[in-house]
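Asker: Below you'll find the structure I mean.
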Ligand code: S3P
């Protein structure tokens, strides 16, 4: 990655592989990796499902915005977000300005299968989780599209392959940004 690059932020629906791809990127780049969900859980001293159950989604969303703002400072890092990071406008604005935003997408069935594996996702603890997932995905796809600088379809790729694809594309973005700076610039 170019030394002048911004932090790389992974967004996308539950099951897109943001945390595991984040670990592959960390290994390859040696940059620090932060996971917004992990930061919130450690700050509030509870697993995410318990935060939703005890304090409600709004409290979680507030903590999510605070964690994101704290993270997007001056250091260049890898940041894995939760699937709902695009729901607040203030998150979208800060992401657009301060990060290279990579949207990990995939076909609905694949994403749902991966997302339901853990059994801990509070937004899927419903009578009809498959339907709830489809509705969330439909509502969120335009939001991810609006903020993302890059989109990668992860459906048939391994986490490693996704990480390599990201690094190739981020290098291109950074070199395009640098090529617009005159060679004599201070
Ligand atoms: C959420 C996704 C979760 C977690 C929380 C809310 C969402 O993260 O932040 O349960 O709104 O989609 P993952 O995308 O890592 O599952």
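Asker: Going by alpha carbons, how many degrees (0 to 90, nearest 10) lie between the helix axis of 108-117 and the longest principal axis of the chain?
Answerer: With both axes taken from Cα atoms, the answer is about 70 degrees.
Asker: Any chance you could tell me what percent of the C-alpha pair distances in region 7-179 go past 25 Å? Each step should come with its number before you reach the end.
Answerer: Details: 4256 of 14878 pairs.
Here the tail beyond 25 Å accounts for 29 percent of pairs.
Asker: Taking every pair of Cα atoms in region 61-122, average 1/r, invert it to obtain the Kirkwood radius, and report Rg/Rh to two decimals. Intermediate results must be reported in sequence, preceding the final value.
Answerer: Numbers: Rg = 13.4 Å, Rh = 13.3 Å.
Over the Cα atoms of region 61-122, Rg/Rh equals 1.01.
Asker: Then there is this: Sort 81, 29 by Cβ crowding within 10 Å, fewest neighbours at the top. Let's see the in-between values first.
Answerer: Details: 81 26, 29 19.
With the sparsest Cβ surroundings first, the list reads 29, 81.
Asker: Please compute the modelled spin-label separation between residue 54 and residue 66, points set 7 Å along Cα→Cβ, answer in nm with one decimal.
Answerer: 1.4 nm
Asker: Separation between the residue 135 and residue 172 pseudo-spin-labels, each 7 Å from Cα along Cα→Cβ, expressed in nm?
Answerer: For residue 135 paired with residue 172, the spin-label model returns 3.8 nm.
Asker: Only helical DSSP H runs with n ≥ 4 go in: add -39500 (n - 2.57) per run for the chain, normalise by residue count and round the 222 nm mean residue ellipticity to 500 deg cm²/dmol.
Answerer: On the way: 8 runs with 104 residues, N = 186.
Taking each H run of at least 4 residues, the total per residue is -17500 deg cm²/dmol.
Asker: Another question, if that's okay. Is the shape of region 113-169 rounded, prolate or oblate, going by the alpha carbon gyration tensor and its root eigenvalues a ≥ b ≥ c, with a/c under 1.5 for rounded and a/b larger than b/c for prolate? If you can, show how the numbers build up before the last one.
Answerer: Numbers: a/c = 3.09, a/b = 1.58, b/c = 1.96.
Verdict is oblate for region 113-169.
Asker: In what order do 69, 24 fall by count of nearby beta-carbon atoms within 10 Å, going from fewest to most? Intermediate results must be reported in sequence, preceding the final value.
Answerer: Values: 69 13, 24 21.
Fewest to most other Cβ atoms nearby, the residues stand as 69, 24.
Asker: Still on this structure, please answer the following. Using Cα atoms only, what is the angle between the long axis of helix 18-29 and the major principal axis of the chain, expressed in degrees (0 to 90) to the nearest 10?
Answerer: Helix 18-29 sits roughly 30 degrees off the main axis of the chain.
Asker: Then there is this: Taking the chain as the reference, fit the longest principal axis to its C-alpha atoms, fit the long axis of helix 159-179 to the helix C-alpha atoms, and give the angle between the two in degrees, 0 to 90, nearest 10.
Answerer: For helix 159-179, the angle is close to 40 degrees.
Asker: Let me ask something else about it. Got the relative contact order for region 7-179 handy, in percent, Cα pairs under 8 Å and 6 or more residues apart? Mind dumping the intermediate values first?
Answerer: On the way: 236 pairs, mean separation 58.4, N = 173.
Reported as a whole number, the value is 34 percent.
Throughout, read-outs are computed from the coordinates displayed, never taken from laboratory work. Keep in mind it's a predicted model, so treat the numbers as computed, not measured. FYI the Cβ positions are ideal-geometry reconstructions off the backbone, even for glycines, and counts take in every protein chain you see.
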